[in-house]
Amino acid sequence: MTAGGLELAAGTVALLVLAGFLAGWVDAVVGGGGLIQLPALLLVPGMSPVSALATNKLAGIMGTSVSAATYYRLVQPDLRTAGPMALAALGGAAGGAGLASALPPGVFRPVILVALVLVAVYTVARPSVGRATDLRWTGRRHLVVALALGTTIGFYDGLLGPGTGTFLVIALVAVLGYAFLEASANAKIVNAATNLGALIVFSVQGVTMWKLGLVIGVANIAGSYLGARMAVARGSAFVRIVFVAVVGALILRLAWDILT
């Protein structure tokens, strides 16, 4: 397969497709699919980090759109939160993508690692959090906080990406007061918007490998659909377990990147 001027062996494409499927499943349940999909793309010989990030966004938006639609049909998330938050996140992601090629990812990794450790400690120490929706605010204050969260996490997604869905879920649970299942449903809508905002900028820059991204995206769609249905069927307790596992994997991955 030829993509973006690179000749890819069949085995490499097969591994990328598998990574796309697994990433779609993880992303649909709790976010964090970039932990699998982006590193796989970065291993492709000759692919620049920015092209890998852009291609990851193309495949990611295909999967998150399907999981968002699945959640919407089965869970009916609160669009009064997800809609404005998604618009703010789209703008933030576009801004982050514009800086992606200028700032080294290593600058942010220690900060992200500390944030993830705090998320893990908070989630494990409070087993009752996220079992049921109990919103902390209503009206204008709820909206303002949701917009701030969307803009900040969207900017991070455009700039780096991995763990965005995870940060969205914990923000919706710990800050706004949603249950894990409803938080994951809202997060998919917002995450689709962040992927779109970043992809628009990367497309203008001409760094997206469209052919490869579409192939991986099909596998991402399959994983996302399966993951969303499993999350809905098994509820917030299942989502919480997967969330803790994904956060732990993200911590290990970032720690390895920093130490090596």
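Just so it is clear, none of the values below were taken in a lab; they were calculated from the coordinates. Model, not experiment: these values are computed from the prediction. Here the Cβ positions follow ideal geometry from the backbone for every residue, glycine too, while neighbour counts run over all protein chains shown.
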task: Report the Stokes-Einstein translational diffusion coefficient (µm² s⁻¹, integer) for the chain, Rh taken as the Kirkwood radius over Cα pairs, at 10 °C with viscosity 1.306 mPa s.
output: 89
message: Restricting to DSSP H runs of at least four residues, report the calculated mean residue ellipticity at 222 nm for the chain, -39500 (n - 2.57) per run over all residues, nearest 500 deg cm²/dmol.
response: -26500 deg cm²/dmol
field: Nearest-ten-degree value, helix 139-159 long axis tilted from longest Cα axis of the chain
entry: 20
- line: If one compares the long axis through the Cα atoms of helix 49-74 with the longest principal axis of the Cα atoms of the chain, the angle in degrees, nearest 10, works out at 40
- prompt: Relative to the first principal axis of the alpha-carbon coordinates of the chain, what is the inclination of helix 109-125, with its axis defined by its Cα atoms, in degrees from 0 to 90 and to the nearest 10?
  reply: 40
task: Provide E182, E7 in ascending order of the number of other Cβ atoms located within 10 Å of each residue's Cβ, fewest first.
output: E7, E182
message: Could you give each residue of the range 197-202 its phi-based ³J(HN,Hα) in whole Hz, using Karplus coefficients 6.51, -1.76, 1.60 with θ = phi - 60°, and x for Gly or Pro?
response: x, 5, 5, 4, 5, 4
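Cα gyration tensor of the range 1-69, axes a ≥ b ≥ c as square roots of the eigenvalues: rounded (a/c below 1.5), prolate (a/b > b/c) or oblate?
Judged from the Cα gyration tensor, the range 1-69 comes out prolate (a/c at least 1.5, a/b above b/c).
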task: Based on a Kirkwood Rh over C-alpha pairs, give the Stokes-Einstein translational diffusion coefficient of the range 151-216 at 10 °C and viscosity 1.306 mPa s in µm²/s.
output: 124
task: For the range 169-213, state which chymotrypsin sites (Phe, Trp or Tyr not before Pro) are in a DSSP loop and have at most 12 other beta carbons lying within 10 Å of their beta carbon.
output: none
statement: Taking only Cα atoms of the range 162-260, the Rg to Rh ratio with Kirkwood Rh works out at 1.01
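Kindly put M209, M47, M230, M85 in sequence by how many other C-beta atoms sit within 10 Å of each C-beta, fewest to most.
M230, M47, M209, M85
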statement: Counted neighbours (other Cβ, 10 Å), sorted fewest up, put Y156, Y71, Y225 in the order Y225, Y156, Y71
